[in-house]
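No lab work stands behind these numbers, since they all come straight from the coordinates. Predicted model, so just to flag it, every value in this text is computed and none were measured. Virtual Cβ from ideal backbone geometry, glycine too; neighbours counted across all protein chains shown.
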């Protein structure tokens with residue numbers, strides 16, 4: 001899945017504490033658009049409202065972004081955020097984690113391996129400092145440690161105190177999926193009752209309705225659960241995350257939904273979301289080891305990754321009853337879509353229908369009678 005979609009700055013040292021040494025902050029963010037930089041020297045005057053001094057710069061050409069980030073943190077930065085300086089241009093380089101070249105199996109990478117191997121050649125850094133820090137002196141220390149011949153160009157901004165809860169909430173609007181579903185978060189006012197609505201707690205498990213694969217699955221579930229063959233059926237949601245697809249299926253008329261998720265914390269989140277929507281009586285969730293594997297369903301949805309779907313094909317085949325429908329997503333591009341269809345075709349599913357959104361595929365197949 002592409003490097004992520006929201007800004008979460010992980011502070012590595014308290015604003016009144018010592019500098020963070022040998023720690024790395026990972027910010028999950030949508031890469032910022034490239035902006036012109038200013039050449040700044042010394043300190044931006046800070047007043048009593050200043051909480052952070054924010055320096056923006058391009059990563060020096062002679063040092064890797066992860067190494068430069070570590071040096072900045074060791075020199076006294078509070079956090080470092082790295083993004084693609086070519087975002088929005090023809091030179092943009094998306095970074096994905098799922099599949100090595102020529103393979104549909106996911107790469108078994110650690111975060112450290114990812115940070116070392118997947119680097120933007122034109123990385124933009126946003127670096128936060130305590131307001132009393134001399135930023136230029138700190139950058140000089142990092143530059144000396146990196147053996148740079150000159151100090152990178154940087155712009156500097158004094159960022160005032162902010163209600164971060166309100167700020168995050170204002171940047172997380174309700175989600176509308178076609179005319180079949182709206183998703184609100186607890187701080188939003190009630191939405192129109194004309195469209196089925198879910199209330200979710202964002203950020204705690206995958207599935208807030210924003211991602212293309214979630215939207216594809218919701219639209220397909222809405223269509224299928226209005227057909228005579230599947231109206232009122234039970235749904236198995238494999239890789240259920242926040243429970244958004246299970247709860248959407250219940251809103252669309254499914255009689256019951258079962259979520260299966262490897263992360264126990266996500267199971268707890270999905271159960272809490274079911275309670276928040278008054279759907280707890282028709283929803284259950286569990287980890288794979290505790291699932292009743294002898295049970296079969298008329299409709300199964302799995303929004304995972306292509307390689308994982310392929311590995312799980314025999315298991316998913318066992319969970320669909322004869323004539324039942326399988327809905328798969330988390331599939332990027334035609335190559336992965338072809339590989340998934342070939343695998344599930346060999347397990348008795350046909351014919352297939354494919355829907356697309358933003359490069360992501362949804363595949364629907366029916367198990368032969």
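Tabulated results
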{"quantity": "FRET efficiency, 1/(1 + (r/R0)^6) with R0 45 Å, evaluated for residue 293 and residue 338 via beta carbons", "calculated": "0.95"}
{"quantity": "Listed peptides 143-156, 323-336, 183-196, 255-268 by packing density, highest first (mean Cβ within 10 Å)", "calculated": "323-336, 255-268, 143-156, 183-196"}
{"quantity": "In nm, spacing of pseudo-spin labels at residue 61 and residue 255 (7 Å Cα→C-beta vector)", "calculated": "6.8"}
{"quantity": "Rough spin-label spacing in nm, given labels placed 7 Å along Cα→Cβ, for residue 193 and residue 163", "calculated": "3.0"}
{"quantity": "Cβ-Cβ FRET estimate between residue 350 and residue 281, R0 fixed at 30 Å, reported to 0.05", "calculated": "0.25"}
{"quantity": "Fully extended contour minus Cα-Cα distance, from residue 141 to residue 358, at 0.36 nm per residue", "calculated": "73.8 nm"}
{"quantity": "Computed over the range 169-367, Kirkwood Rh from alpha-carbon pairs, angstrom", "calculated": "16.7"}
{"quantity": "Shape of the range 132-193, Cα gyration tensor, a/c cut at 1.5", "calculated": "prolate"}
{"quantity": "Inter-label distance for residue 228 and residue 170, nm, one decimal - labels placed 7 Å from Cα along Cα-to-Cβ", "calculated": "5.4"}
